[in-house]
Amino acid sequence: MRALKAYVSAYHNEVTGSRFLLVLERPDEKVYRILIDYGYFQEPKYRYLNYVDDLNPENIDAIVVTHNHIDHTGLLPKAVRQGYKKNIYMTEITEELIGNFLYDSAEQQEENAHDMRDRYPDEAHKFNPLYYKEDVEKTLKQCVGIAYRKTIEILPGVKLTFWENAHILGASMILLQCSYLNMRPLNFLFTGDFKFDNSFTRVPMFPKWFRDMELIMFSESTYGTTKRDEIKKCFRNNILEAFERKQDILIGAFAQGRMQEILYDFKVLQDEGLIPPEYQICVDGPLGISTNEKYRDILDWYNPSRKDFMPKGIRYMDHKSREYIFNDGVPKIVITTSGMLNNGPARVYVPMFLERDNTLIHLVGYAAEETLARKLLDTKRDEAVKIGAKTYKKKSVIKTTREKTSHATEEELIELINMFNNIKFLGINHGNTDVKDEFYDDVMTQCPNVHQAGILDREHMFSFYRVGLKSDYDTRVIVKARSAGLINNSKLVFGKEASAQEIFEKHQVARAQKDKRKLRSQKNGKKDKQKKSKRREKRTGRCCSKRKR
Ligand SMILES: [Zn+2]
């Protein structure tokens, strides 16, 4: 029987390097390939994946972007460099913001390639900059900004709508309604990285027709096992305590989202008269500073009540003034890029703050392995920290918090999923393996409107069939050993077909085996681990946790 078919694969088992490929096969044999996000792998151990030529951009018919984070957009100029000439759709806010970030990424390409050559000397010839400024220039010309909730037809029979998402300003959930003649459409909803609210916006209620729509949904699960009450709100108190102790404060912040939210927090403290008058607020990092300006312009029309989110009397720093930050003896609050302290002006500030007694270095985001932020958290007071070629003694107090996360907690993700009344299939992705597994169980027990669910990763893709003209909906799930064949998309090669129940059982068996192994290794190393974690608690203590973003 003739059918409208769709295949979805993801190329990321991890939480960076986001990309989905949706292949639509119509009954008239016309095939469309739509890429949802094309992100850069940021974790050093997965960065080589950025250089693997697994995608033929000339075969792609449209690219749609969920939001302006490099792990969702960072390879767009690579696609353009390799021959992608069609439109790249995003919200109009993301279109405003994306340029500076892609130019910044282009600037880092030489350094990234250099790191890769050092890491894999035998394959050094493979690692060259992925793209240059000229490629970014071309990419920006192909970007098309669309307002939230405005539906447009991007390919014959394929309608696109961006829905509000407060992960960061401009973020969206992507709805793709795919139909053929008078067949009922296959509706795909990609959540992207999701959150209900941030300092600047809140997701409004979705209309009933959207909530009642028959959906095939793909949800992130980054914080899929983190409960709301596990995230302690300590940032404000930590800062007030630092004021009392007259500490100089250094805060590492991502250029978009975190920096503006932190600035807004200080504006609130300022309005409440809680910032001692002698303190000076300094902001550094060209990308962060330019994004602050963009935020002001965007909020001017998007949410004017938050337009003036910056505290008064800010001092902007540059490469000269940052060297002499302590010379005037005035206590400082420095908010700078980068969030994990690995790049940008943070590299200059950290050594200066680290060796001073009365200072606080506050982290407000996830500290990945092999980053300076992680190193600081894992180093005891008075121990040595190596930064570049030099060694510094850690005198500073280091604190961190997860309260500024831009991802939904377990309860919020379940709330989002339960907003929709007819989810034919829910694909879980964008989370650590254990988290995805656990979240899968939560969905199966707490989401009565989800008919089937599965975990989407490099090893599994899913296919969906709409058979007949008015027909019953037939959703079949196909397991494939490798998704590379689909990503490469010249030819679709399928592995063994299985029902969602079979996949679930397969997962259960794998988890039981894993739990057994875990139990065994726990028994063996329990005492050691207890000692280790006690030591760690002593070092990082406070109300801080080091779990993933
Ligand atoms: Zn994101």
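The values are calculated or read from the model by the stated rules, or taken from the named source; none is laboratory data. Every value quoted in this text rests on a predicted model; they were computed, and no experiment measured them. So basically every Cβ, Gly included, is an ideal-geometry build from the backbone, and we count neighbours across all protein chains shown.
Tell me yes or no: at least one residue of segment 189-199 is in contact (Cβ under 8 Å) with a residue 24 or more places away in the chain, of a type in the set (Asp, Glu) and in contact with a helix residue (DSSP H, G or I) (Cβ under 9 Å, 6 or more places away or on another chain).
Yes - at least one qualifying residue is present in segment 189-199.
Take segment 348-380 and flag every residue that is under 30 Å from Asn432 (Cβ atoms) and out of contact with any Leu (no Cβ under 8 Å at 6 or more places or on another chain).
Val364, Gly365, Tyr366, Ala368, Glu369, Glu370, Arg374, Lys375, Asp378, Thr379, Lys380
Go through the residues of segment 429-445 one by one and say whether even a single one is assigned by TED's automatic domain parsing to the domain that holds Leu181, part of a strand (DSSP E or B), under 18 Å from the mean Cα position of the chain (by Cα) and of a type in the set (A, V, I, L, M).
no
When the residues of segment 149-201 are narrowed to those that are of a type in the set (D, E, K, R) and within 16 Å of the ligand (Cβ to nearest atom), which ends up nearest to Asp308 (Cα to Cα)?
Only one residue fits best here, namely Asp197.
Just one of the numbered conditions (1) touching a residue at least 60 places away in the same chain (Cβ under 8 Å); (2) outside any loop (DSSP other than H, G, I, E, B) is not true of Gln256; which one?
Result: Gln256 passes all but (2).
Test Asp229 against the stated conditions and say whether it is over 24 Å from Phe353 (Cα atoms), within 16 Å of the ligand (Cβ to nearest atom) and free of Cβ contacts under 8 Å to residues at least 40 places away in the same chain.
no
For segment 312-355, name all the residues that are basic (Lys, Arg) and either in a helix (DSSP H, G or I) or touching an Asp or Glu at 6+ places or on another chain (Cβ under 7 Å) (or both).
Selection gives Arg322, Lys332, Arg347.
Only residues in segment 65-90 that are touching a residue at least 60 places away in the same chain (Cβ under 8 Å) and within 15 Å of Tyr40 (Cβ to Cβ) count as the first member; pair them with residues that are more than 16 Å from the ligand (Cβ to nearest atom) and of a type in the set (D, E, K, R), Cβ under 6 angstrom, at least 6 apart or cross-chain, and list the lot.
What qualifies is Pro77/Asp135; Val80/Asp135; Val80/Lys138.
So how many residues does segment 64-94 have that are within 16 Å of the ligand (Cβ to nearest atom) and of a type outside the set (Gly, Ala, Ser)?
The qualifying residues number 16.
Search segment 202-225 for residues being within 16 Å of the ligand (Cβ to nearest atom) and part of a loop (DSSP other than H, G, I, E, B), and hand back the single one that is farthest from Val8 (Cα to Cα).
Filtering segment 202-225 for residues that are within 16 Å of the ligand (Cβ to nearest atom) and part of a loop (DSSP other than H, G, I, E, B), the one farthest from Val8 (Cα to Cα) comes out as Val203.
Scan segment 327-341 and give yes if some residue there is crowded, with 21+ Cβ neighbours inside 10 Å, among the polar types (S, T, N, Q), within 20 Å of Thr400 (Cβ to Cβ) and at pLDDT below 90, otherwise no.
Among the residues of segment 327-341, at least one is crowded, with 21+ Cβ neighbours inside 10 Å, among the polar types (S, T, N, Q), within 20 Å of Thr400 (Cβ to Cβ) and at pLDDT below 90, which makes the answer yes.
Out of the residues in segment 91-105 that are among the aliphatic types (A, V, I, L, M) and free of Cβ contacts under 8 Å to residues at least 60 places away in the same chain, state the one that is nearest to Val65 (Cα to Cα).
Ile98
Of all residues in segment 421-436, count the ones that are buried (at least 21 other Cβ atoms within 10 Å of the Cβ), in contact with a Lys or Arg (Cβ under 8 Å, 6 or more places away or on another chain) and of a type outside the set (Val, Ile, Thr).
Within segment 421-436, residues that are buried (at least 21 other Cβ atoms within 10 Å of the Cβ), in contact with a Lys or Arg (Cβ under 8 Å, 6 or more places away or on another chain) and of a type outside the set (Val, Ile, Thr) number 1.
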